[in-house]
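The values are calculated or read from the model by the stated rules, or taken from the named source; none is laboratory data. Here the structure is a predicted model, which is why all the values come from computation and not from measurement. Cβ sites come from the backbone with ideal geometry, for glycine too, and all protein chains shown count toward neighbours.
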Amino acid sequence: MRRDRFALTVFLLLLSLAPWLLGEFHVTLLNYIGLYSIVALGLVLLTGVGGLTSFGQAAFVGLGAYTTAWLTATPELPAWAALVGGSPWVALLVGLALTALFAFVLGWATLRLSGHYLPLGTIAWGIAIYFLFGNIELLGGHTGITGIPLLSIAGFELRDSRHYYYLIWAMLLAAVWLTSNLLDSREGRAIRALKGGTVMAESMGVNTPRSKVVIFIIAALFACVSGWLYAHLQRFVNPTPFGLHIGIEYLFMAVIGGAAHVWGALVGATVITVLKQGLQEILPKILGASGNFEVIVFGVMMILMLQRARDGLWPLLVHWFPRGEAVRSAPVGERLSQRTPPTSGTVLLEVKDAVKKFGGLVANDRMNLHVTAGEILALIGPNGAGKSTMFNCISGVDGLSSGEIRFLGERVDGLASRDIARRGMSRTFQHVRLLPAMSVLENVAIGAHLRGDNGVAMAAFQLDRKEEGRLLAEAARQIERVGLGQYLFEQAGNLALGQQRIVEIARALAADPCLLLLDEPAAGLRYLEKQSLAELLRRLRGEGMGILLVEHDMDFVMGLADRLVVMEFGLKIAEGSPDQVQQDPAVLQAYLGGVG
C-alpha cells in the first residue's frame, strides 16, 4: 500500500511539473492524451467492466463540443436558447443534460440488443449523429463553428495550452477518482456482475437494464466533458473529429491500455496518441506517399494484443512493477437487518400444474411440488428430465407456459428474477457463475446487493462508506459460515471447483433468503467437503430455512433430504421420503435402472 501511494505521489508530482519542463509541442500532446483518456475511461467502465461494446463514443464527444460551440459562439441565439447562451460553464451543464438525455434514449433502445447486434447498433447511431453534425446549417455544416471563446476561471483566462493543461488533467483525475469510487461499491459490484451474465446478476437482485443504462450514460457524460474541453482548447469545431473512425480509435485506446482497469485508459490513450504522432511523421517518409498508414499499424497491434495480452498493457506494467502487499483484515460492521424467518412447517413455495414449453417440446408437464420452512426437498431425475428448467421457472429466469408458482402465498410466476430474490428466494447454479477476477469477499457481497440502497452518486462521492462496510461485513460472515474464512481476499478463480460451489452458497446466503435453491451443490466436492456441506445444510434447515436442491449424488441426497420429488421427461413420477422413493417401482425403472 505504501508503495502504491509513493508511485501515485511521484506520478502527480511529475504531472504538475510537466508544463514547466516540456516544450509547447509536448504540452499540447499531453493535453490531447488527457482529452482522449477521459473518453477511454468511459469505455473502460462501459466495455471493459460492463461488457458492452460501443463504437459510437465520438458522437457524444461531438455533442459536448457542438453544444458549447453553438451556445457560446452564435451571435444571435433564438429566444429559447439565449437564456443559457454566452457562458461556457453554463454550456457545459446544458451539454451534460443534453448528452444524458440522448444517452438515455439511445441506451434504452440499443442496450436491449445482444451479441453482435449491440456494437452494430452503436455504429448505426454513431454514423447518424456524425452526419447530423455535418448537415445541419445551424451548426455550420461541414465547415463547422469558429470563434469559440476562451475559458476563464475566477476571471483568469486560459490563453494557451499550458493553462488548459491543468484543467484537462484535473478533470481527468477527478473522473478517475469518481470511477474508482463507483467500482469499489455496491453499485460497482452490480456493474461488474454484468460480465457474469444477466441471469446470475438478476438472481442476486441486480436490476441489469438499469445498470447497463447507468454506465452507458456515465460513459457518454465523460465523452461530453472531453468534447467541451476540446472545443474551447481548439476554439473551433467541425464534424471530422467525431466520426466513426475516431470512435474505433477510442475503443483501441481502452483495449490496448487494459479495458478492465481504470488506469488502463490513461496508458492506452498515451500509447495510441504518441504512436500515432510518430507514425504520421515516419511512415510517409518510408513509404514515399501520404495517407493514414498508422491505422494499418493499429489494426495489426490490436490483433497481436488480442492474441498475446487480452487484458491490455496495464496488467503487464503492474506485473513488471509489482505493488506492495496490502495488510488486509476481515471487514467489520453493524449487522444488516434480517427478515423474520417463517415458522417451521410454513409453506414457502408451491408449484401448481406448472407447464413449460419450448416450441413443441414440453420441458415441464403439470408439475406440482411444495417446500416448507425447515425442510430439505430434493428434486431428482435422469439427465434431461426438466429439473433445471423447473428451477429456472421457480426463480423467474423462464416464464411458465401455464400453471402458477406461489412464494409465501404470493404469485411470483411472471415476476423478474430480481423481484423474486427480494421476496426471500436465492439460488446457486449448475455451472458455477462467479466472477473469477474478483475476490471471494466481493463475489459474496454481490449476494447482499438487494440489502443496500445507496445509488451511483453516493458511491461515486464515497458517501456510502457506512453501508458498504455493513455489506462487506455481512459477506465476510457468510464466508466464515460456510467454512472458507481463510479465502476472503483470494481471487475466486483461483479456488478449486468444489470451493467455488461453496462460495456460491455463501453468496446466496448473503441475500438473507428463507428459501434456498441449490443446483447440484455437491458436484466436484470431495467426500469430506460433502460431509461439511451436508452439515451446513442441516444447520440451515434447523434455523428454519427451506431448501430445494437438484443433485445427482444419490448417497448425498438420500442421507440429507426430508422428501424427494422424482422427475422423468418433464413429469413428476414419484414423491415421498427417501425410503419410499427408493422402493417405488417407477423410480427403480426410470432412475435407478430397474435394480432392486
(message) Need pairs with beta-carbon distance below 7 Å; first residue assigned to a helix (DSSP H, G or I) and within segment 67-88, second among the aromatic types (Phe, Trp, Tyr); sequence gap 6+ or separate chains.
(response) Thr68/Trp228
(request) From the list Gly107, Gly115, pick out the single residue that is in a helix (DSSP H, G or I) and within 38 Å of the chain's Cα centre (by Cα). (result) Gly107
(request) Could you tell me whether segment 172-187 includes any residue that is more than 25 Å from Asn454 (Cα to Cα), in a loop (DSSP other than H, G, I, E, B) and either not hydrophobic (A, V, I, L, M, F, W, C) or not assigned by TED's automatic domain parsing to the domain that holds Phe236 (or both)? (result) no
(request) Give me a count of the residues in segment 33-46 that are under 19 Å from Thr273 (Cβ atoms) and either in contact with a Leu (Cβ under 7 Å, 6 or more places away or on another chain) or not assigned by TED's automatic domain parsing to the domain that holds Gly196 (or both). (result) 5
(request) Would you point out the residue of segment 398-418, among those that are within 19 Å of the chain's Cα centre (by Cα) and surrounded by fewer than 24 Cβ atoms within 10 Å (Cβ to Cβ), that is farthest from Ala510 (Cα to Cα)? (result) Ala416
(message) Please verify whether Gly257 is of a type outside the set (A, V, I, L, M, F, W, C), assigned to a helix (DSSP H, G or I) and closer than 27 Å to Phe133 by Cβ, treating the condition exactly as stated.
(response) no
(request) Working carefully through the options Gly95, Gly51, find the one that is assigned by TED's automatic domain parsing to the domain that holds Tyr130, buried (at least 17 other Cβ atoms within 10 Å of the Cβ), part of a helix (DSSP H, G or I) and touching a residue at least 60 places away in the same chain (Cβ under 8 Å). (result) Gly95
(message) For segment 559-577, give me the residue count where each residue is farther than 17 Å from Asn368 by Cβ and either at pLDDT below 90 or among the β-branched types (Val, Ile, Thr) (or both).
(response) 1
(request) Would you please name the residue that is modelled with the lowest pLDDT, looking only at residues in segment 333-383 that are loosely packed, with under 14 Cβ neighbours inside 10 Å and among the β-branched types (Val, Ile, Thr)? (result) Thr340
(request) Collect the residues in segment 299-308 that are aliphatic (A, V, I, L, M) and exposed (fewer than 15 other Cβ atoms within 10 Å of the Cβ), keeping them in residue-number order. (result) Val300, Ile303, Leu304, Leu306
(request) Within segment 471-525, track down each residue that is in a loop (DSSP other than H, G, I, E, B) and either β-branched (Val, Ile, Thr) or at positive phi (or both). (result) Val482, Gly483, Asp512, Glu520, Gly524
(request) Considering every residue within segment 153-171, establish whether at least one is closer than 20 Å to Gly86 by Cβ, touching a helix residue (DSSP H, G or I) at 6+ places or on another chain (Cβ under 8 Å) and in a loop (DSSP other than H, G, I, E, B). (result) yes
(message) I need the full set of residues from segment 9-37 which are exposed (fewer than 11 other Cβ atoms within 10 Å of the Cβ) and closer than 30 Å to Ala58 by Cβ, in order please.
(response) Leu14, Gly23, Phe25
(message) Quick check on my filter: what residues within segment 132-161 are under 37 Å from the mean Cα position of the chain (by Cα) and either more than 30 Å from Val105 (Cα to Cα) or in contact (Cβ under 8 Å) with a residue 40 or more places away in the chain (or both)?
(response) Phe133, Gly134, Leu139, Leu151, Ile153, Ser161
(request) Look at Gln307 and say whether it is out of contact with any Gly (no Cβ under 9 Å at 6 or more places or on another chain), outside the structural domain of Leu43 (by TED's automatic domain parsing), polar (S, T, N, Q) and free of Cβ contacts under 8 Å to residues at least 12 places away in the same chain. (result) yes
(request) Tell me, yes or no, whether segment 195-206 has at least one residue that is outside the structural domain of Val397 (by TED's automatic domain parsing), out of contact with any helix residue (DSSP H, G or I) (no Cβ under 7 Å at 6 or more places or on another chain) and of a type in the set (Gly, Ala, Ser). (result) yes
(message) When the residues of segment 174-185 are narrowed to those that are of a type in the set (A, V, I, L, M, F, W, C) and touching a residue at least 12 places away in the same chain (Cβ under 8 Å), which ends up nearest to Phe60 (Cα to Cα)?
(response) Ala175
(request) Go through the residues of segment 513-528 one by one and say whether even a single one is acidic (Asp, Glu), over 23 Å from Ser388 (Cα atoms) and not assigned by TED's automatic domain parsing to the domain that holds Met438. (result) no
(message) If I go through segment 476-500 residue by residue, how many of them are surrounded by 15 or more Cβ atoms within 10 Å (Cβ to Cβ), free of Cβ contacts under 8 Å to residues at least 40 places away in the same chain and aliphatic (A, V, I, L, M)?
(response) 1
(request) Residue by residue through segment 210-252, note down the ones that are in contact with a His (Cβ under 8 Å, 6 or more places away or on another chain) and either of a type in the set (Phe, Trp, Tyr) or without any contact (Cβ under 8 Å) to a residue 60 or more places away in the chain (or both). (result) none
